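The values are calculated or read from the model by the stated rules, or taken from the named source; none is laboratory data. As the structure is a prediction and not an experimental result, all values here were calculated from the model. Backbone-built Cβ (ideal geometry, glycine too); neighbour counts: all protein chains shown. Protein only, heavy atoms only, side chains kept; ligands, DNA and RNA dropped before computing areas. Shrake-Rupley method; radii C 1.70, N 1.55, O 1.52, S 1.80 Å.
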Amino acid sequence: MDFSLSDDQKSLRDLARQILAEGATHEHLQQLEKQGWSVFDRDLWQRLATAGIIGIAVPEEQGGGGLGFLEIAVVLEEIGRTVAPVPAVPTLVTAFVLAAHKAGTDALAGVADGSTILTTAFEGEVLAGRDGDDFILNGETPFVPYGAEADIVALPATFGEGPVLALARRGTAGVSVTELQTTNREPQALLAFDGVRVSSTDVVVDAAEIINDLRMHTTAGLCSVAAGVCQTALDMTAKHTTSREQFDKPIASFQAVGQRAADAYIDTEMVRLTALQAAWRLSEGWPSAEEVAVAKFWAGDGGMRALHACQHLHGGLGVDLDYPLHRYFLWAKHLELTLGGATSQLLKLGASLAAQPV
C-alpha cells in the first residue's frame, strides 16, 4: 500500500514551501515584530491567495480549487515550518467546514482571492434568542484567532431549541472588539455581543454537528502546523550540533547529545504521523474523534518535549531573540494548549474507551 502524497499534493506542498520560504524569512519576521506585538503579514497572505493556495478547499463555484482536507493539512504543515503569521488555520478550516455543510455560501466568495478572512470562536458563552426572523446574540467569546482582522466569525451560540452557529460579520452593530496579546504574537481578540442582530440566513440551526466538525478539523489543523514547527526546529538543531564543536569535535558526536536528538526525532515523527492520520481520516469522512485526540496529545506532549530538547541542545543560543528557534518554541507552546492540552486529550480517549461495550 502506498502512503505517499500524490503528485498533485506534492506540487501543492512545494508551491506553498517556496512562497513561505521566500516570504517568511527570519529577518522579515523580525521587522514585522518591531511594528507591534501582534503580527499579521497581509502581503504574504495575498501572495498565497494569488497562487491559489488560500482557496484550495473552497468550492469551484466560489472561485476555489474544490480540494479536500488532506490538502489543507499539507499546506498547514508548511505554515508551521516557517511560523508564517497568516490566518491559515482559521480561514482554511472554517471555509472547508462551511462548504462541506453547505452553510454560509456567500461568505466563501471572497476567501479564494484573499479578500475575506474567516475565523471560528470556540471559547466563552454566547446566548441566542429570536426576534421575528432574526437572531439576537448576547455574551462574549475570548481568544478568537484573528478576531479583529476577520471579516466573518463563525460563532457557536446557545439557543433554547439546540445550539446554533451564527456568522457574525465585521462592522455589525453591537459587536465590540478588544485585541489581546499572545505569547507567539498571533492576533487574537475578545469579542463581546450586546443585542447583536443576525439575519436567519446567516444562522445554522440544529448546529451541533457543524460545531463539532469545526472543532475537530481545527484541532487536526493545529496538529499539522505543530508537525511543521517541530520539523524545522529539529532541522535547525541538527545543523547546529553538527557545526558546533567542543574538544575539537562536533557536539553531535557526543553520546548524550545524540540520544537527546534521537528522542526529539522520534517525537517529531509521531507528531507528523498522527497529524497525517487524523487529517486523512477526516478527509475520507471516517470516524476520527479518537485519532484527532491522539494527534493533539502528541502535538502537545511530544511536540513540547521535542522543542525543549532543541532548546537545550542549542545552549544559550536557543533563547537568543536574534536566532529564530525561540519563535518555534513559542508557537509549540501555543499549539500545545489551544483547544485542549495533552491531559484533556487523554481524558477524551479514556472516556471513549470506557464507553465501548465490554
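Just to check your reading of the model, which residue among ALA208, ALA189 is of a type in the set (Gly, Ala, Ser), open to solvent by 50 Å² or more (accessible area, probe 1.4 Å) and modelled with pLDDT of 95 or more?
Criteria check complete, one pass: ALA208.
Taking GLY171 as the residue in question, decide whether it is at pLDDT below 95, under 25 Å from TRP37 (Cα atoms) and loosely packed, with under 14 Cβ neighbours inside 10 Å.
Answer is yes for this residue.
If you take the residues in the stretch 211-247 that are open to solvent by less than 10 Å² (accessible area, probe 1.4 Å) and aliphatic (A, V, I, L, M), which one is farthest from VAL89 (Cα to Cα)?
Result: ALA233.
With the structure loaded, tell me whether THR241 is farther than 21 Å from GLN345 by Cβ, polar (S, T, N, Q), touching a residue at least 40 places away in the same chain (Cβ under 8 Å) and in a helix (DSSP H, G or I) or whether it fails that test.
Yes, satisfied.
Is at least one residue of the stretch 117-133 of a type in the set (S, T, N, Q) and surrounded by fewer than 23 Cβ atoms within 10 Å (Cβ to Cβ)?
No: the stretch 117-133 contains no residue that is of a type in the set (S, T, N, Q) and surrounded by fewer than 23 Cβ atoms within 10 Å (Cβ to Cβ).
Take GLN9 and tell me if it is free of Cβ contacts under 8 Å to residues at least 40 places away in the same chain and either surrounded by fewer than 19 Cβ atoms within 10 Å (Cβ to Cβ) or not in a helix (DSSP H, G or I) (or both). Explain how you work it out, then say what you get.
On the way: free of Cβ contacts under 8 Å to residues at least 40 places away in the same chain: no; either surrounded by fewer than 19 Cβ atoms within 10 Å (Cβ to Cβ) or not in a helix (DSSP H, G or I) (or both): yes.
Spelling it out, it is not the case that GLN9 is free of Cβ contacts under 8 Å to residues at least 40 places away in the same chain and either surrounded by fewer than 19 Cβ atoms within 10 Å (Cβ to Cβ) or not in a helix (DSSP H, G or I) (or both).
Would you be able to say whether some residue in the stretch 67-90 is among the hydroxyl-bearing types (Ser, Thr, Tyr), crowded, with 21+ Cβ neighbours inside 10 Å and under 28 Å from GLU179 (Cβ atoms)?
yes
Which one of ASP106, ASP151, ASP134, ASP113 is of a type in the set (Asp, Glu), in contact with a Lys or Arg (Cβ under 8 Å, 6 or more places away or on another chain) and more than 18 Å from ALA189 (Cβ to Cβ)?
ASP134
Suppose we filter the stretch 18-48 for residues that are open to solvent by 40 Å² or more (accessible area, probe 1.4 Å), out of contact with any Ser or Thr (no Cβ under 8 Å at 6 or more places or on another chain) and not in a loop (DSSP other than H, G, I, E, B); how many remain? Don't jump to the end; show me each part of the working.
Of the stretch 18-48, the ones open to solvent by 40 Å² or more (accessible area, probe 1.4 Å) are 18, 21-22, 25, 27-28, 30-31, 33-35, 37-38, 42-43, 46-47.
When the remaining residues are screened for being out of contact with any Ser or Thr (no Cβ under 8 Å at 6 or more places or on another chain), the result is 18, 22, 25, 27-28, 30-31, 33-35, 37, 42-43, 46-47.
Those still in the list that are not in a loop (DSSP other than H, G, I, E, B) too: 18, 22, 27-28, 30-31, 33, 42-43, 46-47.
Final tally of qualifying residues: 11.
Mind listing whichever residues of the stretch 164-196 are touching a Gly at 6+ places or on another chain (Cβ under 8 Å), among the small types (Gly, Ala, Ser) and outside any strand (DSSP E or B)?
Within the stretch 164-196, just GLY174 meets the criteria.
Quick check on VAL83: is it under 19 Å from the mean Cα position of the chain (by Cα) and modelled with pLDDT of 95 or more?
Yes; evaluated as a whole, the condition is true for this residue.
Within the stretch 329-358, take every residue that is open to solvent by less than 90 Å² (accessible area, probe 1.4 Å), hydroxyl-bearing (Ser, Thr, Tyr) and more than 14 Å from the chain's Cα centre (by Cα) and give me the one that is nearest to GLN31 (Cα to Cα).
SER344
Yes/no matrix, rows are residues, columns are (1) farther than 14 Å from LEU214 by Cβ; (2) part of a strand (DSSP E or B):
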{"position": "ALA107", "(1), (2)": "no, no"}
{"position": "ASP113", "(1), (2)": "yes, no"}
{"position": "THR119", "(1), (2)": "no, yes"}
{"position": "VAL126", "(1), (2)": "yes, yes"}
{"position": "GLY129", "(1), (2)": "yes, yes"}
{"position": "GLU140", "(1), (2)": "yes, yes"}
{"position": "GLU149", "(1), (2)": "yes, no"}
{"position": "GLY162", "(1), (2)": "yes, no"}
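For the stretch 303-318, name all the residues that are in contact with a helix residue (DSSP H, G or I) (Cβ under 6 Å, 6 or more places away or on another chain) and either touching a residue at least 60 places away in the same chain (Cβ under 8 Å) or open to solvent by 20 Å² or more (accessible area, probe 1.4 Å) (or both).
Those that are in contact with a helix residue (DSSP H, G or I) (Cβ under 6 Å, 6 or more places away or on another chain) and either touching a residue at least 60 places away in the same chain (Cβ under 8 Å) or open to solvent by 20 Å² or more (accessible area, probe 1.4 Å) (or both): GLY303, ARG305, ALA306, LEU307, ALA309, CYS310, GLN311, LEU313, HIS314.
Could you list, in sequence order, the residues of the stretch 255-281 that are among the hydrophobic types (A, V, I, L, M, F, W, C) and open to solvent by 20 Å² or more (accessible area, probe 1.4 Å)?
Result: ALA256, VAL257, ALA261, ALA262, ILE266, MET270, LEU273, LEU276, TRP280.
Does ALA103 satisfy being outside any helix (DSSP H, G or I), touching a residue at least 60 places away in the same chain (Cβ under 8 Å) and either open to solvent by 10 Å² or more (accessible area, probe 1.4 Å) or farther than 25 Å from LEU32 by Cα (or both)?
Answer is yes for this residue.
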